[in-house]
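Engineer: My questions will all concern the structure given below.
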């Protein structure tokens with residue numbers, strides 16, 4: 001399988017998680033391409049068997065939207081049914097709470113784009129709430145959970 005891992009990461013925490021997922025995908029014998037949302041080309045999805053979205057949780061996901069705006073806009077603009085034949089997943093990093101809401105919101109949004117095989121992934125705490133500083137990184141234990149998710153995503 002060839003998997004695109006699409007992510008947005010302002011402080012680098014979601015990128016840490018995405019890298020761990022990619023490591024897991026590769027350890028399972030598949031290909032993983034990390035794609036920053038800034039360079040995302042929706043047409044490139046055709047070259048992949050699966051898609052994993054890595055989104056930070058903003059404001060504890062209290063609004064229910066949950067998905068970071070830089071990811072939400074391009075995902076909402078995808079054509080209907082473009083994910084119908086793809087395995088899709090979601091992961092999140094939060095600074096206090098709400099990461100599970102982000103993963104759930106990703107599933108809802110992606111189902112509107114035709115996804116029928118959504119595999120919710122882990123969430124982890126990293127960073128500092130409402131802070132311009134990076135704060136603590138994703139823990140080694142959580143990195144291992146993301147790696148395991150990547151491996152199991154392929155199975």
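The values are calculated or read from the model by the stated rules, or taken from the named source; none is laboratory data. In this text the structure is predicted, and so the values were computed from the model without any measurement. Positions of Cβ are generated from backbone atoms using ideal geometry, with glycine treated the same way; all protein chains shown enter the neighbour counts.
Engineer: Residues to consider are 71, 83, 75; find the one that is part of a helix (DSSP H, G or I), more than 11 Å from the chain's Cα centre (by Cα) and over 19 Å from residue 142 (Cβ atoms).
Structural biologist: So the residue among 71, 83, 75 that is part of a helix (DSSP H, G or I), more than 11 Å from the chain's Cα centre (by Cα) and over 19 Å from residue 142 (Cβ atoms) is 75.
Engineer: Could you check segment 1-46 and list, in sequence order, the residues that are out of contact with any strand residue (DSSP E or B) (no Cβ under 9 Å at 6 or more places or on another chain) and under 16 Å from residue 74 (Cβ atoms)?
Structural biologist: Result: 38, 39, 42, 43, 46.
Engineer: Only one of (1) more than 22 Å from residue 40 (Cβ to Cβ); (2) in contact with a strand residue (DSSP E or B) (Cβ under 7 Å, 6 or more places away or on another chain); (3) assigned to a helix (DSSP H, G or I) fails for residue 152. Which number is that?
Structural biologist: Of everything listed in (1) more than 22 Å from residue 40 (Cβ to Cβ); (2) in contact with a strand residue (DSSP E or B) (Cβ under 7 Å, 6 or more places away or on another chain); (3) assigned to a helix (DSSP H, G or I), residue 152 misses just condition (2).
Engineer: Quick one: residue 114 ticks every box in (1) touching a strand residue (DSSP E or B) at 6+ places or on another chain (Cβ under 9 Å); (2) in a loop (DSSP other than H, G, I, E, B) bar one, so which box is it?
Structural biologist: With respect to (1) touching a strand residue (DSSP E or B) at 6+ places or on another chain (Cβ under 9 Å); (2) in a loop (DSSP other than H, G, I, E, B), residue 114 is out only on (1).
Engineer: Just checking, which of 66, 89, 99 is buried (at least 22 other Cβ atoms within 10 Å of the Cβ), under 15 Å from the mean Cα position of the chain (by Cα) and under 19 Å from residue 151 (Cβ atoms)?
Structural biologist: 89
Engineer: Continuing with the same structure: When both residues are 6+ apart or on different chains and their Cβ atoms are under 6 Å apart, which pairs have a first residue that lies in segment 136-150 and is closer than 14 Å to residue 22 by Cβ, and a second that is modelled with pLDDT of 95 or more and part of a loop (DSSP other than H, G, I, E, B)?
Structural biologist: none
Engineer: Check segment 43-61 and report whether any residue there is out of contact with any helix residue (DSSP H, G or I) (no Cβ under 8 Å at 6 or more places or on another chain) and free of Cβ contacts under 8 Å to residues at least 12 places away in the same chain.
Structural biologist: Yes, there is a match, as at least one residue in segment 43-61 is out of contact with any helix residue (DSSP H, G or I) (no Cβ under 8 Å at 6 or more places or on another chain) and free of Cβ contacts under 8 Å to residues at least 12 places away in the same chain.
Engineer: Mind checking which pairs have a first residue in segment 68-90 that is under 13 Å from residue 44 (Cα atoms) and a second that is surrounded by fewer than 12 Cβ atoms within 10 Å (Cβ to Cβ), Cβ under 8 Å, 6 or more apart or different chains?
Structural biologist: Correct list of pairs: empty, since none qualify.
Engineer: Of the residues that make up segment 125-135, is at least one outside any loop (DSSP other than H, G, I, E, B), crowded, with 16+ Cβ neighbours inside 10 Å and modelled with pLDDT under 95?
Structural biologist: yes
Engineer: Got a sec? Which strands (runs of 3 or more DSSP E) wholly within segment 1-57 have at least 3 residues that are buried (at least 23 other Cβ atoms within 10 Å of the Cβ)? Spell out the reasoning first.
Structural biologist: Details: elements: 2-7, 31-36, 50-56.
Ranges flagged: 2-7, 50-56.
Engineer: So which residues in segment 79-106 are modelled with pLDDT under 95 and closer than 11 Å to residue 50 by Cα, if there are any at all?
Structural biologist: 84, 85
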